[in-house]
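The values are calculated or read from the model by the stated rules, or taken from the named source; none is laboratory data. This structure is a prediction, so every number in the text was calculated from the model and none was measured. Glycine also receives a Cβ, built like all others from the backbone with ideal geometry; neighbour counts cover every protein chain displayed.
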Amino acid sequence: MRVFRLAVPVSDLPRSRAFYETALGLVADDTVPSRLYLHCGPVIVALVDAEVESVDVHPLPDNLYFATSTLEDTFERVLSTGAPITSPIEVRPWGERSFYCLDPDGHPLCFVDDATLFVGRGAAWT
């Protein structure tokens, strides 16, 4: 079993496209008119046009996490979008080096340095 796609409802697909393409440094796959697919390794983040697909947009209940080997560059790209930064780049108590922000619909996002990923399995907490 594996996760292969996460659907994130958005209120303004072009605005969200601009944010995510800039923040992630990716080009969205727009094969489906009401969705944009962002290929993030083995998992696709699907931005779903809430109006077209008749779904409500409520901020996700918890962070959507992205791993990157270029955390500082990612931080600068996110800053350039004007997105609210809710926590700057810091080393967290569990050892991850990361920052937090909100996307245009208020979905909470976290960008984590690849070299510091906390993945469980009995990893030590500081």
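Structural remarks
- Selected residue (criterion: surrounded by the fewest Cβ atoms within 10 Å (Cβ to Cβ)) from residues of segment 10-43 that are assigned to a helix (DSSP H, G or I) and without any contact (Cβ under 8 Å) to a residue 60 or more places away in the chain: P14
- Every residue from segment 49-64 that is closer than 18 Å to C110 by Cβ and outside any strand (DSSP E or B): P59, L60, P61, D62, N63
- Residues considered: G82, G106. Of these, the only one that is in contact (Cβ under 8 Å) with a residue 12 or more places away in the chain and at positive phi is G106.
- Total residues in segment 86-108 satisfying the condition of being in contact with a Ser or Thr (Cβ under 9 Å, 6 or more places away or on another chain) and part of a strand (DSSP E or B): the figure is 11.
- Answer from E90, E76 - the residue that is surrounded by fewer than 18 Cβ atoms within 10 Å (Cβ to Cβ), within 17 Å of G25 (Cα to Cα) and not polar (S, T, N, Q): E76
- Of all residues in segment 50-64, those that are in contact (Cβ under 8 Å) with a residue 24 or more places away in the chain have Cβ atoms under 6 Å from Cβ atoms of residues that are surrounded by 13 or more Cβ atoms within 10 Å (Cβ to Cβ) and assigned to a helix (DSSP H, G or I), 6 or more apart or on another chain, in V57/A50.
- Unique residue being touching a Leu at 6+ places or on another chain (Cβ under 9 Å), part of a loop (DSSP other than H, G, I, E, B) and of a type in the set (A, V, I, L, M) when the list is A67, A7, A83, A46: A83
- Pair list, Cβ under 6 Å, 6 or more apart: segment 110-123 residue closer than 20 Å to S69 by Cβ, other residue modelled with pLDDT under 95 and not charged (D, E, K, R): T116/G95; F118/W94; F118/G95
- Positions within segment 44-64 being surrounded by 13 or more Cβ atoms within 10 Å (Cβ to Cβ) and either of a type in the set (S, T, N, Q) or within 13 Å of A23 (Cβ to Cβ) (or both), in sequence order: V45, L47, N63, L64
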